[in-house]
Each structure stands twice: as structure tokens, then as C-alpha cells.
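Worksheet for the structure shown next.
The values are calculated or read from the model by the stated rules, or taken from the named source; none is laboratory data. As the structure is a prediction and not an experimental result, all values here were calculated from the model. Counting neighbours? That spans all protein chains shown, and the Cβs are built from the backbone with ideal geometry, glycine included.
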Amino acid sequence: MSDNNTNGSSTPKIILPEVEINLFTPKKPTTATIAENYICTDDSSPNVIRHITIDLSGSGMEGIFRSGQSIGILPPGENEKGKPHKLRLYSVSSPSKGENGQPYLVSTTVKRANEEVDGVFYTGVCSNYLSNLKPGDSLMITGPSGKRFLLPENSEEFNYVFFATGTGVAPFRGMIMELIEAGHQGQIVLVFGCPYRTDLLYREYFEDLDSCHPNVHYLKMTSREDRRENGSKKYVQTAIEDYSELLSPILGANNTLVYLCGMKGMQTGIYEQLAKQGFLDYLNLRGDLEDKDPTEWTWEELKTQVKPSERTFEEVY
Ligand code: FAD
Ligand code: A2P
């Protein structure tokens, strides 16, 4: 297997911005107010995902969240052991300048975490609490959280391939808005995976970008609706092979960065495909993997011995 990252020159230095973190913590949270809260999946979707904007006025956190960071939410009440509910993190889906350019507004994208296990229906504490809040309601928040999953300061020097499943698209909405506003000339690819077309979050926005900007590409991988040519499911990682005409030159360029966000486990399939196609620069190999042909790596090896390289940014939950 050849290494596809072989165009001779080296990757530009990735300069990550200095960001504020943990100004407010679970022991010392601050208060904010809901500005808007609406469903952003189609009415017919079995998933309910909401776009929620929080007004930070007076919280001490106005203007400091960067896209890629997360906001902490402290749901009220106690768990079954009588202890206060723990903090949950939600990715910022607004650009660093704030939702609609307002530095006091930060948005996130929240899925009601409800599931049925062995006939019992469980409801997630914080996602349902947040989803039920109305404009004007106050809530306890912490943050900001995260200091690596960010766009570089020298963002104009790179191409971007963003892989998202479900609410994992949240940070990429903000990042892509920021790149577009800056007049980004490099390639921007968003590969978005979800079960049905009704779950294509922020679809209109991304479709418009795809049709108006020749350097922006929006690839929709709907796993339970469309099939690959060989009949298997379309997942974000299958795009690497299915759209190789578009993606191979971009992934093969020395100035491309890969970001992935969404369900825990998605990284393994993406790393497997990147390795199989010879894009080894995005991977940091542990143990003796370097001596083996990537087509022979086992799933266990992929899970435990392949980590993101400095050109890869991963946030899974
Ligand atoms: P919990 O109450 O914590 O329950 C978790 C799950 O277990 C639920 O599905 C619930 O139905 C189920 N459950 C509850 N009790 C049982 C039981 N007894 N047996 C079996 N199952 C049970 N989420 C988003 O929606 N959007 C984001 O942008 C986002 N960003 C994140 C960023 C980061 C860095 C991280 C770490 C997480 C992020 N999350 C995001 C996930 C989020 O933090 C929460 O984990 C998620 O909302 C579930 O929290 P919850 O309190 O609603 O569910
Ligand atoms: P499926 O559930 O059909 O197997 P959501 O968060 O809205 O449920 O979307 C998650 C998406 O990611 C779904 O399309 C889901 O497909 C898909 N998916 C499931 N497992 C993986 C995996 N290991 N790697 C990448 N995508 C996955």
C-alpha cells in the first residue's frame, strides 16, 4: 500500500489559537437565558434535534466561545443516589463571533437522548431539560471547554474535510460559517452521516453553500435510506471510497486537515478507510502497526493502536 501523502512539500505549521477555558466550573457556574429553541429536524423524523441559542448577557462569558469548544449545562435536580445531576457538555454550533454576529449569543444543537432498552423507555436528563426550556428561561452554565478541537489561527492556509454524524455537525456549522465569512479559498468538504434525509441538520444552509461556492462540497450519507453500489450502508467513512474522485486529491494535499465529530466509534471506520487508501499522514500509529500493510490491520488494532495525528482533530461522545 502506497502512502498517498507524497506531493513532496510539507504541511504548513498548524497554529492553534489561545482560548479561554473553564472560566466557570460546576462548583462556580454562571447563569444565562434561553434566546431561542426550535426543532431543526423534519416533522416526520423519528429523531428530535433542536437548535438552541443561549443569551450570555451578564454571564461573564460574552464573546469568548470559539466554534469547536463546548458549553457545560448543569441540569437542576438530583440523580437516583440523591446527588446533584452532573454537568453535560454541548458543542457550540455558532461561529466564534456569535450567533447572527452577536457576541452575547451562543448556539448549540441538542438531540433528545431517549432510548428503549429491553422494553423500558429511558429519557436523558439534560438533553430533555434543555429541549424543554423556553425563550426567557434561565439556566446554569459552565465553560468554555476544549482547547484543541478548533480551527487554526492561520485557517486560510488549509483545506478541510469535516466528518460528522448526527449532532456532531454542530461544531462544523460554526467553523464553516467562519471560513465562508473570511472568504476561504481552499477546499471545504462536509461529509454528514445520519439515518434518514429528514435528519439532515442545517441542510438548506449547506446545500446553498455547495451550490454557490465551487470550493464547498456537501456529501450526504443517509445510512437507512440510500445504499452504496454494492448494497451496503452509506456511512461517513464510505465516502472516502465512494467519492474518491473528489476526496483523494484533497486528502492527498499536504495542507489538508481532517476533523471528525459525533458518535463514539465513528473514528475507527474513518481511520480504517484513510489507512486503506494510503492517507497515513492523518494517523498516529502505535506499536508495530507501521510494519504491517494497512489492509491487514485488525479492527482491534485499528481501535487501540491508531490515534489522530497532528493533522486530525477528533471529538466523539
Ligand atoms: P443521560 O441522562 O446522561 O443518559 C444517557 C443515555 O442513557 C440516554 O440516552 C438515556 O435515555 C439513557 N439511559 C438513562 N438511564 C438508563 C438506564 N437505566 N439504562 C439504559 N439507558 C439509560 N449532545 C448533543 O445533543 N449535542 C451536542 O452538541 C453534544 N456535544 C457534546 C460534546 C462533548 C465534548 C461531549 C462529551 C458530549 C456532547 N454531547 C452532545 C452529549 C451530551 O453531553 C450528553 O451526553 C447527551 O445529551 C445525553 O445526556 P442526557 O443527560 O440527556 O442523558
Ligand atoms: P445507522 O444507525 O443506520 O447504523 P444519529 O446520531 O442521528 O443517530 O446518526 C448517526 C449516524 O451514524 C447514522 O446514520 C448511523 O447509521 C451512523 N453510524 C452508525 N455506526 C457508525 C459507525 N461505526 N461509523 C460511522 N457511522 C455510523
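Residues that are surrounded by 14 or more Cβ atoms within 10 Å (Cβ to Cβ), over 21 Å from LEU151 (Cβ atoms), in contact (Cβ under 8 Å) with a residue 60 or more places away in the chain and under 19 Å from the mean Cα position of the chain (by Cα) do occur in region 256-274.
Pairs are defined by a Cβ separation below 6 Å, a sequence spacing of at least 6 or placement on different chains, a first member in region 117-143 that is touching a residue at least 24 places away in the same chain (Cβ under 8 Å) and surrounded by 10 or more Cβ atoms within 10 Å (Cβ to Cβ), and a second member that is hydroxyl-bearing (Ser, Thr, Tyr) and outside any strand (DSSP E or B); the pairs so defined are THR142/THR25. Within region 211-249, the set of residues being of a type in the set (Ser, Thr, Tyr), surrounded by 16 or more Cβ atoms within 10 Å (Cβ to Cβ) and more than 16 Å from ligand 2 (Cβ to nearest atom) comprises SER248 only. Taking the criterion of being away from ligand 2 (no atom under 16 Å from the Cβ) and among the charged types (D, E, K, R), the residues of region 110-146 that qualify are ASP118, LYS134, ASP137.
Hey, any hits in region 101-114 for a residue that's of a type outside the set (A, V, I, L, M, F, W, C), more than 17 Å from ALA32 (Cβ to Cβ) and surrounded by fewer than 16 Cβ atoms within 10 Å (Cβ to Cβ)? Yes.
For ILE64, state whether it is closer than 27 Å to GLU181 by Cα and either within 17 Å of the chain's Cα centre (by Cα) or at pLDDT 95 or above (or both). It is true that ILE64 is closer than 27 Å to GLU181 by Cα and either within 17 Å of the chain's Cα centre (by Cα) or at pLDDT 95 or above (or both).
Per-residue answers, yes or no, for (1) closer than 20 Å to GLY166 by Cα; (2) out of contact with any strand residue (DSSP E or B) (no Cβ under 6 Å at 6 or more places or on another chain):
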| residue | (1), (2) |
| --- | --- |
| GLU181 | no, yes |
| GLY186 | no, no |
| VAL191 | yes, no |
| ASP199 | yes, yes |
| SER232 | yes, yes |
| THR238 | yes, yes |
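On the stretch given as region 46-79, residues that are within 16 Å of ligand 1 (Cβ to nearest atom), in contact (Cβ under 8 Å) with a residue 40 or more places away in the chain and touching a strand residue (DSSP E or B) at 6+ places or on another chain (Cβ under 9 Å) total 21.
PHE206 - would you say it is buried (at least 20 other Cβ atoms within 10 Å of the Cβ), within 16 Å of ligand 2 (Cβ to nearest atom) and assigned to a strand (DSSP E or B)? The answer is no for PHE206.
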